[in-house]
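The structure under discussion appears below in the form of structure tokens.
The values are calculated or read from the model by the stated rules, or taken from the named source; none is laboratory data. Note that this is a predicted model, so its numbers are computed, not measured. A quick note on method: Cβ atoms are made from the backbone with ideal geometry, for glycine too, and the neighbour counts reach across all protein chains shown. When the accessible area is computed, the model is the full protein with side chains, heavy atoms only, and any ligands, DNA or RNA have been set aside. Shrake-Rupley method; radii C 1.70, N 1.55, O 1.52, S 1.80 Å.
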Amino acid sequence: MAVVLRMLLGRVLALIPLLLGVILFVFIVMRFSPVDPALAAFDGANATPEQLDQFRRENGLLDPWPVQYFRFVWHLLQGDFGTSVITKQPVADTIGTALPLTVQLTLLGLLIALVLSVVLGVTSALFRDRWPDQVIRVVTLAGLAAPAFWIALLLIQWLAVGQGVFPTSGYVSPADGFGAWLNSLTLPAVSLALPVAAQMTRIIRTSMV
């Protein structure tokens, strides 16, 4: 269990440089995008060149790129994500709506991954070099190699479309029933859990052996 916790802590710490890299990547993509933020903000309205120039000046789009980047990061650190030029709503409100669902999905996926990895890792270690161990090792290798989105598509095709056991999409709040909530999140949670469970299974097996 300590090994699993250390691995999870390492993953959390690794998110810091990953987030900085993602921020830089997003900024570069936005700067090289052919879409003009000023034109997008007016949403097809016949804005005059003066209005477009005023929008660019008010939002710092005419400043040098390094200045724009550090301002972008500084605002993010302060929790200011700006306003969407598409929905005209604060980006923080959109994130606030999606974040609870993401947290629920992540926690359920981690729980499934933890249960699967402990069961499979212990079983593999107890039957070391015998057929259960060989089968589990092949399964974990497949789980490590398969992308989560591809696993999700297979699960939807098999269990949702083919068998009709789970819904193909949609979300049900826990307030509307625990069973319905669990049913709506099971497939995406399993899709996220399988690659993580495959990696943790190998760690638990090695540690026990």
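Reported count of residues in segment 35-70, each being aliphatic (A, V, I, L, M) and in contact (Cβ under 8 Å) with a residue 40 or more places away in the chain, is 2.
Here is a yes/no grid of residues against (1) in contact with a Leu (Cβ under 7 Å, 6 or more places away or on another chain); (2) farther than 30 Å from S184 by Cα; (3) not hydroxyl-bearing (S, T, Y):
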residue: P66; (1), (2), (3): no, yes, yes
residue: Q104; (1), (2), (3): yes, no, yes
residue: L116; (1), (2), (3): no, no, yes
residue: P132; (1), (2), (3): no, yes, yes
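Of the helices (runs of 4 or more DSSP H) that lie entirely inside segment 40-159, those containing 1 or more residues that are closer than 30 Å to N183 by Cα and among the aliphatic types (A, V, I, L, M) span 91-126, 131-145, 148-155. If you go through segment 72-110 and keep only what is surrounded by fewer than 15 Cβ atoms within 10 Å (Cβ to Cβ) and either touching a residue at least 40 places away in the same chain (Cβ under 8 Å) or in contact with a strand residue (DSSP E or B) (Cβ under 6 Å, 6 or more places away or on another chain) (or both), you end up with V73, L76, I86, P90, L101, T106.
Can you confirm whether segment 39-61 contains a residue that is of a type in the set (V, I, T) and either surrounded by 11 or more Cβ atoms within 10 Å (Cβ to Cβ) or under 29 Å from I16 (Cα atoms) (or both)? No, every residue in segment 39-61 fails to be of a type in the set (V, I, T) and either surrounded by 11 or more Cβ atoms within 10 Å (Cβ to Cβ) or under 29 Å from I16 (Cα atoms) (or both).
What's the total number of residues in segment 160-209 that are in a loop (DSSP other than H, G, I, E, B) and open to solvent by less than 60 Å² (accessible area, probe 1.4 Å)? Quick ask: steps written out before the conclusion?
We begin by selecting, within segment 160-209, every residue in a loop (DSSP other than H, G, I, E, B); these are 163-173, 177, 209.
With the extra rule that they be open to solvent by less than 60 Å² (accessible area, probe 1.4 Å), the set shrinks to 164, 166-167, 170, 172-173, 177.
Going through segment 160-209 one residue at a time, the tally reaches 7.
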